[in-house]
Amino acid sequence: MTGFLLALDAMAASEIGCHSAMIAHQVLKELADLPYNSWQQAGEGVPKPVHPYVDAAPTPVHLSRLAGIDPLAPVSWNGELTSTDVDCLANKGAKLDAANDADLETKRQLPDTVEIFIKAEKRIQVKFEINWGILTA
């Protein structure tokens, strides 16, 4: 599951096959207000697979370059992709923290994103408690 701050981010994620997303009401409104032109839709006419990743449609051309980059890499990146064998949560997430600190854009956006997520989570918790009488810890 992932969250988006911009409509374009949500659209790109759906094009590459993301099947679960948390989308803020502002972004949903932005998406709803976009004009729809069927001839401009990347997935238009492509039947949905039985499973999200079975016979998936090819990655849209304008997003394919993302397969060759590492969003956690520093500006001085040598082109080597991050290993998937790295346990980013070991040692209380030290490697993840180091990667986040090394990337200026992540460092800039992460605090606001976490704050937005926590506020939304608290609002949802209150709604659960009010609507269903569920008390959460």
**OP:** Could you please find all residues in region 100-121 being over 18 Å from ILE23 (Cβ atoms) and part of a helix (DSSP H, G or I)?
**Re:** ASN100, ASP101, ALA102, LEU104, GLU105, THR106, LYS107, ARG108, LEU110, PRO111
**OP:** Hey, could you check region 23-39 for residues that are surrounded by 14 or more Cβ atoms within 10 Å (Cβ to Cβ) and free of Cβ contacts under 8 Å to residues at least 40 places away in the same chain and say which is farthest from TYR53 (Cα to Cα)?
**Re:** GLU30
**OP:** Can you tell me which residue within region 49-85, out of those that are in the same structural domain as ASP97 (by TED's automatic domain parsing) and of a type in the set (S, T, N, Q), is modelled with the lowest pLDDT?
**Re:** THR82
**OP:** Inspect all residues belonging to region 41-48 and state whether any of them is farther than 26 Å from GLY17 by Cα, modelled with pLDDT under 85 and assigned to a loop (DSSP other than H, G, I, E, B).
**Re:** no
Original post:
Checking ASP97 against (1) of a type in the set (D, E, K, R); (2) more than 23 Å from GLY3 (Cβ to Cβ); (3) at pLDDT 90 or above, which test does it fail?
Top reply: (2)
Subject >> Out of CYS88, CYS18, sole residue that is in a loop (DSSP other than H, G, I, E, B), within 28 Å of ALA120 (Cβ to Cβ) and at pLDDT 85 or above >> reply: CYS88
Subject >> Tally of residues being surrounded by 10 or more Cβ atoms within 10 Å (Cβ to Cβ) and assigned to a helix (DSSP H, G or I) across region 124-137 >> reply: 6
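The values are calculated or read from the model by the stated rules, or taken from the named source; none is laboratory data. Note that this is a predicted model, so its numbers are computed, not measured. Quick reminder, even Gly has a Cβ in these numbers, built from the backbone with ideal geometry, and neighbours come from all protein chains shown.
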